[in-house]
Each structure stands twice: as C-alpha cells, then as structure tokens.
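One structure is given below, encoded as structure tokens.
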Amino acid sequence: MDFDQHKSIYLQIAEILCERILAGEWPPEEKIPSVREMAANVQVNPNTVLRSYDFLQQKGIIFNKRGIGYFTETKAVERIQSYKKEDFYENVLPDLFKNMKLLNIEPNDIIERYQHYLKSNDTL
C-alpha cells in the first residue's frame, strides 16, 4: 500500500477503516478485521495497526471484546462524521481559503463546481 509520507501511517490506516465503515462495509456492532489481518492487508507492522485501533477506540468508533476482536460502535458513523468534519474545518478549509484568495476564486465559483460534482457523481 502507498502511504502519504507527510502523515502518520497509523492515522492513514484509521482513515481507511473509517471510510469502510462510512461505506457500510462494517455496520454497527460488526466485527472488523483483526490486527494481524489488517496488518497483512496493508503490509505494515501489527503494532502500527494496533495504534490505529487504539486511536479509533479513543474516538468511540470501535470497541474491543476481549478475546473475540474489534467491533464497530453503534454510533460509529456519527462519530466518524463528527471527527472528519472537525478535521476538515481545521486542516482543509484554511488551505482552501488561502488558495481561493491567492487565485482570486469567488465562493460562487466553488458552489457551481460543487453542484456540477454532485450531478456527475451520484454515488461515491
């Protein structure tokens, strides 16, 4: 798997898991891959995946049933959306706004592009 060298690998793995949960691959209270399985899938050390799982547990997105494995929390989708919105507002929007100002892009230009995107991309 190709990882972005500017972001911690464990956070990138957590993002992969969150995207799969949001896509419905693991509904609430469903078992997710074991640490070893996930490590083999993304070709990293199991300790890195364990760090991702610990991070997601702290966010209330997954939980561990000792001796059985990790499962998605009942409100995992809502918590992921909340976490990702916060990250978007704090980390993505400031760069977007800076580039809009530098390139003299008006908010209406972005709105038009977004509406076009929605029309041409019915599904994710």
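Being under 30 Å from TRP26 (Cα atoms), among the β-branched types (Val, Ile, Thr) and surrounded by 10 or more Cβ atoms within 10 Å (Cβ to Cβ) is the filter here; which residues of segment 78-124 pass it?
Here is the first cut: in segment 78-124, the residues under 30 Å from TRP26 (Cα atoms) are 78-93, 114-115, 117-124.
Subset that is among the β-branched types (Val, Ile, Thr): 80, 92, 123.
Those that are under 30 Å from TRP26 (Cα atoms), among the β-branched types (Val, Ile, Thr) and surrounded by 10 or more Cβ atoms within 10 Å (Cβ to Cβ): ILE80, VAL92.
From LYS98, LYS119, grab the single residue that is modelled with pLDDT of 95 or more, over 22 Å from ARG20 (Cα atoms), out of contact with any Gly (no Cβ under 8 Å at 6 or more places or on another chain) and part of a helix (DSSP H, G or I).
Details: LYS119 fails: modelled with pLDDT of 95 or more.
The conditions single out LYS98.
How many residues are under 14 Å from the mean Cα position of the chain (by Cα) and more than 14 Å from LEU17 (Cα to Cα) if we restrict to segment 73-85? I'd like the intermediate steps shown before the answer.
Start the filter on segment 73-85 by keeping residues that are under 14 Å from the mean Cα position of the chain (by Cα), which leaves 76-85.
Remaining after also requiring more than 14 Å from LEU17 (Cα to Cα): 78, 82, 85.
The total comes to 3.
Tell me which residues, restricted to segment 1-31, are loosely packed, with under 12 Cβ neighbours inside 10 Å and under 17 Å from LYS84 (Cβ atoms).
Those that are loosely packed, with under 12 Cβ neighbours inside 10 Å and under 17 Å from LYS84 (Cβ atoms): ASP4, LYS7, ALA23, GLY24.
Mind checking whether some residue in segment 97-108 is of a type in the set (Val, Ile, Thr) and over 16 Å from TYR10 (Cβ atoms)?
Step one: of segment 97-108, the residues of a type in the set (Val, Ile, Thr) are 105.
After this cut, where a residue has to be over 16 Å from TYR10 (Cβ atoms) as well, the list is 105.
Yes, segment 97-108 contains at least one residue that is of a type in the set (Val, Ile, Thr) and over 16 Å from TYR10 (Cβ atoms).
Wholly within segment 1-78, which helices (runs of 4 or more DSSP H) include no fewer than the required count, namely at least 2 residues that are in contact with a helix residue (DSSP H, G or I) (Cβ under 7 Å, 6 or more places away or on another chain) and under 22 Å from ASN91 (Cβ atoms)?
Working: elements: 9-22, 35-42, 46-58.
The qualifying helices (runs of 4 or more DSSP H) are 9-22, 46-58.
Please enumerate the residues belonging to segment 43-72 that are over 15 Å from the mean Cα position of the chain (by Cα) and either free of Cβ contacts under 8 Å to residues at least 24 places away in the same chain or closer than 20 Å to GLY24 by Cα (or both).
Within segment 43-72, ASN45, PRO46, ASN47, LEU50, PHE63, ASN64, LYS65, ARG66, GLY67, GLY69, TYR70, PHE71 meet the criteria.
The values are calculated or read from the model by the stated rules, or taken from the named source; none is laboratory data. The structure displayed is predicted, hence computed values, not measured ones. Quick reminder, even Gly has a Cβ in these numbers, built from the backbone with ideal geometry, and neighbours come from all protein chains shown.
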